[in-house]
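These notes concern the structure reproduced below.
The values are calculated or read from the model by the stated rules, or taken from the named source; none is laboratory data. Worth saying up front: this structure is predicted, and the values here are computed from it rather than measured. Because the Cβ atoms are built from the backbone with ideal geometry, glycine has one as well, and the counts that use them run over all protein chains shown. Ligands, DNA and RNA are excluded from the accessible area calculation, which covers all protein heavy atoms including side chains. Shrake-Rupley method; radii C 1.70, N 1.55, O 1.52, S 1.80 Å.
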Amino acid sequence: MSHDPTVAYDIFAVLRAEVVTCLRRLLPDLADDAFARVLVEPPRDASHGDMATNGAMVVAKLAKMPPPKLAAELAAALAALPMVAEAAPAGPGFVNIRLKEEFLLGQVPLLLRAGEAYGDSTAGGQVRVNVEYVSANPTGPMHVGHCRGAVVGDALANLLHKAGYAVTKEYYINDAGAQVRALAYAAYWRYLQAIGTSLTEDEYSAQVPGGLQYRGEYLIPVGEALKAEHGDALAPGGQPVFTEATLALIQAQTVAAMMVEIREDLAALGVVHDVFISELELVKAGVTDKAIAELVAKGLVYEGVLEPPKGKTPEDWEPRPQTLFSSTAFGDDVDRPLRKSDGSNTYFANDIGNHADKIARGMQQLVQVWGADHGGYVKRMQAATKALSNGSVPLDVVLCQIVKVVKDGEPVRMSKRAGSYITLRDLIDEVGRDAVRFTMLTRKSDAQMEFDLTKVVEQSRENPVFYVQYAHARCRSVLRQADSALTADLDSAPLGSLQDPAELALIRRLTAWPRTVEAAAAAREPHRIAFYLGDLASDFHILWNRGREDATLRFIQAEQPESTRARLALVAATATVIRSGLAVMGVTPVEEMR
RNA sequence: GGACCCGUAGCUCAGCUGGAUAGAGCGCUGCCCUCCGAAGGCAGAGGUCGAAGGUUCGAAUCCUUUCGGGUCCGCCA
């Protein structure tokens with residue numbers, strides 16, 4: 001494999017290519033796909049070397065050779081490579097690889113030249129990926145329930161971008177259903193109050209279909225704004241007029257006001273979407289009808305009667321014919337309704353329009369970040385996407401489990417602003433944006449999480465937010481304290497003096513950053529970045545602590561400018577990778593701890 | 001009744017898409033600060049990976065069954 005030796009790259013990918021080349025030469029009769037499962041990874045035990053490959057074991061069967069024998073031959077071939085110091089068969093057929101020191105150390109200057117772009121990958125091939133996340137109903141301020149999805153989605157989008165995908169960050173505004181209509185009624189009430197109505201809240205509520213919802217105070221400014229713009233024209237004499245025109249007008253203005261607020265909340269969290277798509281606009285533009293017509297044309301829509309759910313039958317269940325999409329043809333459990341009994345579209349039908357629109361805009365892969373309560377919705381949407389794209393556009397859904405907010409172990413419930421729940425703003429005000437973002441990524445998204453307001457701001461080893469930030473601050477501190485003559489052009493510093501196991505371990509960790517990015521992106525698991533940074537910080541702190549016991553291991557050595565420069569290069573490289581990782585997470589690196 | 005997610009050390013969680021003797025932090029036990037980098041550091045104990053089968057050279061990881069927890073199951077989004 002050829003690669004530009006002046007550009008930083010994933011050395012694991014380089015070695016993997018070499019392993020495959022060697023295997024091909026040893027086994028010329030094997031087909032290419034025989035090597036698909038060949039891996040080159042860091043060994044579990046560092047004493048095994050820098051890398052290990054399962055290549056011999058993976059192809060041994062097809063090659064009709066005992067794995068250890070093939071491993072021995074592979075090791076001999078690998079040992080001849082210029083960057084390899086030693087390659088030896090081990091265990092059931094692994095080959096352990098020890099890299100030449102200059103090759104390993106040589107990664108540091110490449111990394112420094114790449115800067116925060118280190119770890120950028122071409123794996124995505126600039127494939128157009130649409131990542132939709134948050135998509136909270138525009139019916140009120142964002143609350144903590146939206147927070148995890150917002151952070152996970154944003155970090156995932158950043159991650160995919162870094163991995164070489166052409167990413168669109170998207171927000172789908174659910175501004176067409178019964179919920180936003182209920183919102184319009186609620187805003188109407190605040191408007192009536194603003195212009196001075198004789199109605200009581202209960203009297204008004206009695207006139208509203210389904211009763212008055214969304215009673216939080218956050219709609220008061222909307223009522224005031226409606227008054228400022230329309231006077232009492234929307235309710236002459238303070239009496240409500242429930243015409244479609246009036247309600248639609250109020251609804252549009254209220255949704256717009258809520259979206260302003262939601263965008264502000266998101267901005268406070270550092271989340272900025274590229275595209276906001278309106279459900280209502282898609283329906284009006286005929287996108288939704290067209291998408292469903294497409295399904296009809298494919299013979300995937302029919303009138304039918306669904307079986308009641310087994311076990312727990314709803315009280316008011318009545319079998320009735322419905323317009324159904326044949327999602328079972330694509331792996332769903334039952335076919336899904338597209339129309340409500342009043343003839344209007346179900347949420348699912350409109351969401352089909354949403355996904356059709358993404359496909360029509362040329363998206364090649366779709367990612368949805370949803371709350372766990374939407375788990376039952378995954379198969380039907382994947383079915384619809386498959387049908388619409390003839391299987392060419394995959395839809396991945398990342399489900400985020402519930403976050404329980406606690407303080408000192410006690411559940412926290414009430415919001416200062418909105419009464420019934422904790423707003424996103426409350427959370428950010430309490431612990432800060434960076435702590436929120438980092439902490440939301442310290443668990444797999446499909447695992448439940450407890451968010452402890454006390455622990456996430458604690459300055460201790462057990463708080464990963466602090467631990468990683470501290471490592472970066474220490475790096476920066478060292479670089480500030482060093483003589484500026486020593487910190488110039490660190491990418492040309494001779495590094496031969498880096499010999500301590502802790503130093504080499506840190507370098508190995510740094511070289512694992514590109515493959516970490518690729519693997520995390522492939523798995524759609526941004527939490528892996530947080531864990532990698534925790535490991536990297538740990539390696540760095542270990543090295544720092546060694547300097548306490550052994551003064552010769554301190555970074556700045558007054559009498560040793562050359563080894564000082566080598567270490568400063570390593571420190572700068574560490575800071576660079578931490579920043580690179582934090583950038584994916586959307587967390588600001590700090591220069592000092594305060 | 002069914003679908004999806006989770007179950008790994010006393011606790012909170014990783015485990016790089018099937019690899020070597022299953023890891024980390026906290027907690028626990030024992031050491032280590034006159035001073036030069038202690039918002040700590042070093043070492044140790046602690047596991048039938050919920051259970052039982054299966055697939056294969058090899059399983060915490062894949063399949064089946066089962067037990068516990070969560071989410072959800074036509075006109076909410």
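Of all residues in the stretch A:432-479, those satisfying the criterion of being among the basic types (Lys, Arg) and either more than 8 Å from RNA strand B (Cβ to nearest atom) or modelled with pLDDT of 90 or more (or both) are A:ARG433, A:ARG437, A:ARG443, A:LYS444, A:LYS455, A:ARG474, A:ARG476. Here's a check for you: in the stretch A:104-129, which residue that is farther than 17 Å from A:TRP513 by Cβ and within 16 Å of RNA strand B (Cβ to nearest atom) is least open to solvent (accessible area, probe 1.4 Å)? Among those that are farther than 17 Å from A:TRP513 by Cβ and within 16 Å of RNA strand B (Cβ to nearest atom), it is A:VAL129. Does the stretch A:95-103 contain any residue that is surrounded by 21 or more Cβ atoms within 10 Å (Cβ to Cβ) and more than 16 Å from RNA strand B (Cβ to nearest atom)? No, the stretch A:95-103 has no match at all.
Given the structure, is A:ARG528 in contact with a strand residue (DSSP E or B) (Cβ under 9 Å, 6 or more places away or on another chain) and within 21 Å of A:LEU160 (Cβ to Cβ)?
Working: in contact with a strand residue (DSSP E or B) (Cβ under 9 Å, 6 or more places away or on another chain): no; within 21 Å of A:LEU160 (Cβ to Cβ): yes.
Criteria not met by A:ARG528.
The residue that is nearest to A:ALA71 (Cα to Cα), among those in the stretch A:21-58 that are more than 10 Å from RNA strand B (Cβ to nearest atom), among the hydrophobic types (A, V, I, L, M, F, W, C) and open to solvent by 70 Å² or more (accessible area, probe 1.4 Å), is A:ALA36.
Please determine, by comparing only the residues of the stretch A:70-82 that are without any contact (Cβ under 8 Å) to a residue 40 or more places away in the chain and away from RNA strand B (no atom under 13 Å from the Cβ), which one is surrounded by the fewest Cβ atoms within 10 Å (Cβ to Cβ).
From the stretch A:70-82, those without any contact (Cβ under 8 Å) to a residue 40 or more places away in the chain are A:71-72, A:75-76, A:79-80, A:82; that's our starting set.
Now narrow it down to the ones that are away from RNA strand B (no atom under 13 Å from the Cβ): A:72, A:76, A:79-80, A:82.
Numbers: A:ALA72: 16, A:ALA76: 15, A:ALA79: 15, A:ALA80: 9, A:PRO82: 7.
Per the stated criteria, the residue is A:PRO82.
Residues in the stretch A:548-565 that are within 14 Å of RNA strand B (Cβ to nearest atom) and in a helix (DSSP H, G or I): A:ARG548, A:GLU549, A:ALA551, A:THR552, A:LEU553, A:SER563, A:THR564. With respect to A:GLN213, determine if the residue is assigned to a helix (DSSP H, G or I) and open to solvent by 50 Å² or more (accessible area, probe 1.4 Å). No.
Looking only at residues that are among the aliphatic types (A, V, I, L, M), away from RNA strand B (no atom under 11 Å from the Cβ) and within 23 Å of A:HIS161 (Cα to Cα) in the stretch A:382-398, which one is surrounded by the most Cβ atoms within 10 Å (Cβ to Cβ)?
A:LEU395
A:ASP434 meets each of the listed conditions (1) touching a residue at least 40 places away in the same chain (Cβ under 8 Å); (2) assigned by TED's automatic domain parsing to the domain that holds A:ARG567 apart from (2).
Evaluated against (1) crowded, with 24+ Cβ neighbours inside 10 Å; (2) without any contact (Cβ under 8 Å) to a residue 24 or more places away in the chain, A:ASP202 falls short on exactly one condition, (1). Evaluated against (1) farther than 29 Å from A:MET440 by Cβ; (2) out of contact with any Pro (no Cβ under 9 Å at 6 or more places or on another chain); (3) more than 7 Å from RNA strand B (Cβ to nearest atom); (4) outside any helix (DSSP H, G or I), A:GLN368 falls short on exactly one condition, (1). Applying a threshold of 6 Å to beta carbon distances and a minimum spacing of six or more residues, or different chains, the list of pairs starting in the stretch A:273-299 at a residue that is open to solvent by 70 Å² or more (accessible area, probe 1.4 Å) and of a type in the set (Asp, Glu) and ending at one that is at pLDDT 95 or above and outside any helix (DSSP H, G or I) reads A:ASP274/A:THR168; A:ASP274/A:LYS169. Within the stretch A:92-121, being within 33 Å of the chain's Cα centre (by Cα) and basic (Lys, Arg) holds for one residue alone: A:ARG113.
Determine if the stretch A:315-323 includes at least one residue that is touching a Lys or Arg at 6+ places or on another chain (Cβ under 8 Å), open to solvent by less than 30 Å² (accessible area, probe 1.4 Å) and assigned to a strand (DSSP E or B). Yes, the stretch A:315-323 contains at least one residue that is touching a Lys or Arg at 6+ places or on another chain (Cβ under 8 Å), open to solvent by less than 30 Å² (accessible area, probe 1.4 Å) and assigned to a strand (DSSP E or B).
Would you confirm whether or not the stretch A:501-514 contains a residue that is near RNA strand B (Cβ under 9 Å from one of its atoms), over 27 Å from the mean Cα position of the chain (by Cα) and open to solvent by 40 Å² or more (accessible area, probe 1.4 Å)? No, there is no match, as no residue in the stretch A:501-514 is near RNA strand B (Cβ under 9 Å from one of its atoms), over 27 Å from the mean Cα position of the chain (by Cα) and open to solvent by 40 Å² or more (accessible area, probe 1.4 Å). Scan the stretch A:478-495 and give yes if some residue there is in contact with an Asp or Glu (Cβ under 6 Å, 6 or more places away or on another chain), farther than 28 Å from A:ILE97 by Cβ and not polar (S, T, N, Q), otherwise no. No, the stretch A:478-495 has no match at all.
Taking the conditions (1) farther than 30 Å from A:GLU503 by Cα; (2) among the basic types (Lys, Arg); (3) not in a helix (DSSP H, G or I) in turn, A:ARG44 satisfies each one other than (1).
Specify which of the listed residues (A:LYS379, A:LYS404) is within 12 Å of RNA strand B (Cβ to nearest atom), of a type outside the set (Val, Ile, Thr) and surrounded by fewer than 17 Cβ atoms within 10 Å (Cβ to Cβ). Spell out how you get there, then give the answer.
Numbers: A:LYS379 fails: surrounded by fewer than 17 Cβ atoms within 10 Å (Cβ to Cβ).
None of the others qualify; the one that does is A:LYS404.
Selection of the stretch A:309-359 for residues being within 8 Å of RNA strand B (Cβ to nearest atom), touching a residue at least 12 places away in the same chain (Cβ under 8 Å) and among the hydrophobic types (A, V, I, L, M, F, W, C) yields A:VAL334, A:PHE348.
Condition first: basic (Lys, Arg), under 26 Å from A:GLY534 (Cα atoms) and outside any helix (DSSP H, G or I). Can you find one or more residues in the stretch A:431-448 that meet it? Checked against the condition, which is being basic (Lys, Arg), under 26 Å from A:GLY534 (Cα atoms) and outside any helix (DSSP H, G or I), the stretch A:431-448 yields at least one hit.
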